[in-house]
Amino acid sequence: MNKTALITGATSGIGKATAQILARNNYNVILCGRRKERLEELEKELSSLTKVHILSFDVSDKKAVFESINSLPESFSKIDVLINNAGNAHGLEPIQEGNLDDWENMIDINLKGLLYVSKAIIPKMISQKSGHIINIGSTAAKQVYPNGNVYCATKHAVDALNKAMKMDLNPYGIRVGAIHPGLVETEFSQVRFKGDSEKAANVYKGFTPLRPEDIADVIHFVISRPYHVNISDMVVICTAQGSATIIQREE
Ligand code: NDP
Ligand code: 8X3
């Protein structure tokens with residue numbers, strides 16, 4: 001029987017590429033995100049490959065998270081894999097110039113959103129006595145960089161929660177692991193720089209960044225290991241990246 005994966009942030013970037021690779025590899029997919037039209041488009045694309053269900057909700061809206069997940073039809077109610085991917089950076093300023101709305105958005109989405117979705121799904125995995133949670137962290141979960149302050153703090157918290165979930169869910173046979181990407185060219189920098197395309201493009205100039213498909217491949221590898229294997233923490237960077245701030249760029 002096909003396994004079912006619920007992917008948050010499936011409308012773009014890493015989440016969308018993950019949905020595509022999982023659909024090609026016989027996973028039923030539950031696609032989540034706020035932009036319903038994009039979910040519908042992806043549903044149309046993947047429906048010839050596998051069973052697809054879409055859930056449009058904001059991960060930072062507690063009520064919407066629980067209502068959406070509780071609304072899943074019987075055929076999608078057993079979730080084998082949860083991919084906690086939804087998230088973004090908002091702004092890149094020194095702490096003294098940070099924007100409070102940006103800070104709150106990042107804490108509400110990257111941290112509280114991940115907790116709400118997990119809380120809605122974990123009881124199902126406990127009663128199944130199986131499941132796999134993949135938390136998408138970042139190199140920003142491992143290293144703080146100038147002006148990254150609150151984004152890095154939310155991702156450090158994801159790293160901590162990943163370790164905590166692994167311990168707390170261990171008695172129930174649930175696998176938990178984090179994948180921490182370095183620079184991946186997605187809509188991430190568009191969101192961080194609030195639609196400033198030039199600034200966003202400059203982030204990836206002069207080197208070959210990761211593609212969302214590179215991380216999707218790794219996610220597929222991690223979840224397709226035999227059940228006794230849990231890859232609990234993994235950092236994946238492009239070859240040009242030596243750290244969050246060291247990048248070999250060609251002029
Ligand atoms: P994208 O901007 O391309 O995708 C972000 C996804 O998150 C979208 O599908 C978006 O959907 C969803 N999302 C954002 N806010 C919300 C919300 N409030 N409720 C529900 N869904 C939301 O970025 P990436 O694919 O790059 O980012 C995916 C994850 O990878 C994030 O957690 C990011 O921090 C992490 N990451 C990214 C790196 C990179 O360099 N790109 C590197 C390391 C980690 P919608 O807007 O439709 O709701
Ligand atoms: C995304 C990568 O370096 O912009 O998490 O923080 S970085």
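Readers should treat all values here as calculations from the given coordinates under stated rules, not as data from a laboratory. Source: prediction; values computed, not measured. So basically every Cβ, Gly included, is an ideal-geometry build from the backbone, and we count neighbours across all protein chains shown.
Pull out all pairs, ordered by first then second residue, where Cβ-Cβ is under 7 Å, the residues are six or more apart or on different chains, the first lies in the range 108-125 and is within 15 Å of Cys32 (Cβ to Cβ), and the second is away from ligand 2 (no atom under 16 Å from the Cβ) and of a type in the set (Phe, Trp, Tyr).
Listed by first residue and then by second, the contacts come to Ala120/Phe66.
Keeping to the range 34-85, report how many residues are crowded, with 17+ Cβ neighbours inside 10 Å and among the small types (Gly, Ala, Ser).
Here the count works out to 3.
Within the range 126-136, does at least one residue satisfy the condition of being touching an Asp or Glu at 6+ places or on another chain (Cβ under 9 Å) and either within 12 Å of ligand 2 (Cβ to nearest atom) or within 24 Å of Ser189 (Cβ to Cβ) (or both)?
yes
Among the candidates Val144, Val184, single out the residue that is touching a Cys at 6+ places or on another chain (Cβ under 9 Å), within 11 Å of ligand 1 (Cβ to nearest atom) and of a type in the set (Val, Ile, Thr).
Result: Val184 is the single residue among Val144, Val184 that is touching a Cys at 6+ places or on another chain (Cβ under 9 Å), within 11 Å of ligand 1 (Cβ to nearest atom) and of a type in the set (Val, Ile, Thr).
Just need a number here: residues in the range 126-169 that are within 19 Å of Ser71 (Cα to Cα) and free of Cβ contacts under 8 Å to residues at least 12 places away in the same chain.
1
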